Each structure stands twice: as structure tokens, then as C-alpha cells.
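Right, one structure below, let's go through it.
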Amino acid sequence: MQISEIIRKAVDEARRTMGEGQGGPFGAAIIDPEGKIYVSSNTVLGSKDPTAHAEVNAIRKACRERGSHDLTGCVLYTTCYPCPMCLGAAIWANIKEVYYGADSLDAAAIGFRDDYIYDYIRGGCRDLSVLRLEQFAENIECKKLFGEYAEAEKQMY
């Protein structure tokens, strides 16, 4: 399948849900190694879920339908450069190739605010106007929990 055909599916899905007031102009498609396509779009507004970005929705759909948390060999196509959360989700899913249409400047031009998250990360996560991120001192039970997981030799992912 040509990239133009794949991205057209993502654009069409984004346009549909955008028209329904479900979310913004973001669509995504994942192609697995067998050629199956999983198409999704941004549904943040409709689902009232700030994590319901097109890429995350497509990853969830592909994982659910494939019966695995691992999307090794899959390729992600998206209508816009992925935000930090979506980049992280793609990496956690073991997706090694992402193709995008619009860039972060295009998203910023219409009011989307991904850049301040990138700036926060580049700044060492210290800008309290964005988020206070602090390790608490009473963390012994948390660390113990991690030790239990390691001792049980649970699957790493």
C-alpha cells in the first residue's frame, strides 16, 4: 500500500471525527508486518480523555486486535508530528518507524501546545509553572514493590 493511501485513511478518519466534535485534525494508521492496517483518530473531546490522541488510539487498537503489547515490525503513519506522549507510546510499543505529515509548527499555528512540553523536558523538568515533579521521601514501599517484581522474574516490557 502506498504512503498516500495509508495517510488518506488517517486523514479521512480524522476529518470524520473532527466533524463530529470528537477531537482535532489528528489521524493515525499502523501497518503491521502482514499488511493489516489499524486506523484511528484523536477523540480527546468526545471521550473526555486527554490521552486519546490518534497515535495512542491506533496503538491501543493494534495491540488489542493483535493480542500483544509489542508492535515490533509495525509502522506508524500520522497526520502530524507526534507529541511527547505519542512519541513515548510509539517507543514503548517497539515501533521503529514513524511517518508524519504536518509538523509541530503547523500544530502550534492553530493553537496546539506541544512545544512547551518539549521545553519542560529539555529544561530538566524543573519549570513549576508546567508541573511540579518531585520524588517523595517516604518511598520505601514503592522501592520494595520494584524489588518484588524483580525477584519474581516477571516479564520486562
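Decide, for segment 1-69, between rounded, prolate and oblate: order the square roots of the alpha carbon gyration tensor eigenvalues as a ≥ b ≥ c, take rounded if a/c falls under 1.5, and otherwise choose prolate if a/b is larger than b/c, else oblate. Taking the square roots of the gyration eigenvalues as a ≥ b ≥ c, segment 1-69 is oblate. Find how many whole Å separate the alpha carbon centroid of segment 1-46 from the alpha carbon centroid of segment 54-115. Between the Cα centre of segment 54-115 and that of segment 1-46, the gap is 11 Å. The figure for residue 120 is an accessible area of roughly 20 square angstrom, using a 1.4 Å probe on the protein chains alone.
For q values of 0.16, 0.17, 0.21 Å⁻¹, compute log₁₀ I(q)/I(0) with the Debye formula on a Cα-only model of the chain, without solvent. Log10 I(q)/I(0), no solvent term: -0.96, -1.03, -1.29.
Ranking 131, 87, 45 from most to least accessible surface, computed with a 1.4 Å probe over the protein chains only, gives 45, 131, 87.
When both bridge partners sit in the chain, DSSP labels roughly 65% of those beta bridges antiparallel. Contact order for the chain, expressed relative to its length and based on alpha carbon pairs under 8 Å spaced 6+ residues apart, stands at 15 percent. Loop exposure criterion: trypsin sites (Lys or Arg not before Pro), DSSP state outside H, G, I, E and B, at most 16 other Cβ atoms within 10 Å. Applied to the chain, the longest stretch between such sites is 49-95. Using a/c under 1.5 as the rounded threshold, could you call segment 41-84 rounded, prolate or oblate? The axes a ≥ b ≥ c are square roots of the C-alpha gyration tensor eigenvalues, and prolate needs a/b larger than b/c, oblate otherwise. Cα axes put segment 41-84 in the oblate bin. At a 1.4 Å probe radius, carbon and sulfur cover how many percent of the accessible area of the chain? Looking at the chain in its full context, I get 56 percent from C and S.
Based on C-alpha pairs under 8 angstrom that are at least 6 apart in sequence, segment 3-61 has a relative contact order of 30 percent.
Only the Cβ atoms of Lys and Arg (+1) and of Asp and Glu (-1) were treated as charged; on that basis the dipole of the chain about its Cα centre amounts to roughly 240 debye. Exposed loop sites are taken as GluC sites (Glu not before Pro) in a DSSP loop (any state but H, G, I, E or B) with at most 10 other beta carbon atoms within 10 Å; the longest stretch of the chain without one runs 35-133. Result for the chain in a Gaussian network model with C-alpha springs under 10 Å: among 112, 136, 26, the largest mean-square fluctuation is at 136. Computed on protein heavy atoms with a 1.4 Å probe, the accessible areas place 30, 117, 91 in the order 91, 117, 30, largest first. What the chain shows is 66 Å² of accessible area per residue, with the surface traced by a 1.4 Å probe over protein heavy atoms. With θ taken as phi - 60° and the Karplus curve 6.51 cos²θ - 1.76 cosθ + 1.60 applied, the whole-hertz 3J(HN,Hα) list for segment 118-123 is 4, 4, 4, 5, 4, x Hz, x standing for glycine and proline.
The values are calculated or read from the model by the stated rules, or taken from the named source; none is laboratory data. Please read these numbers as outputs of a predicted model, since none were measured by experiment. We place every Cβ from the backbone using ideal geometry, glycine too, and count neighbours over all the protein chains shown. Accessible surface areas use protein heavy atoms only, side chains included; no ligands, DNA or RNA. Shrake-Rupley method; radii C 1.70, N 1.55, O 1.52, S 1.80 Å.
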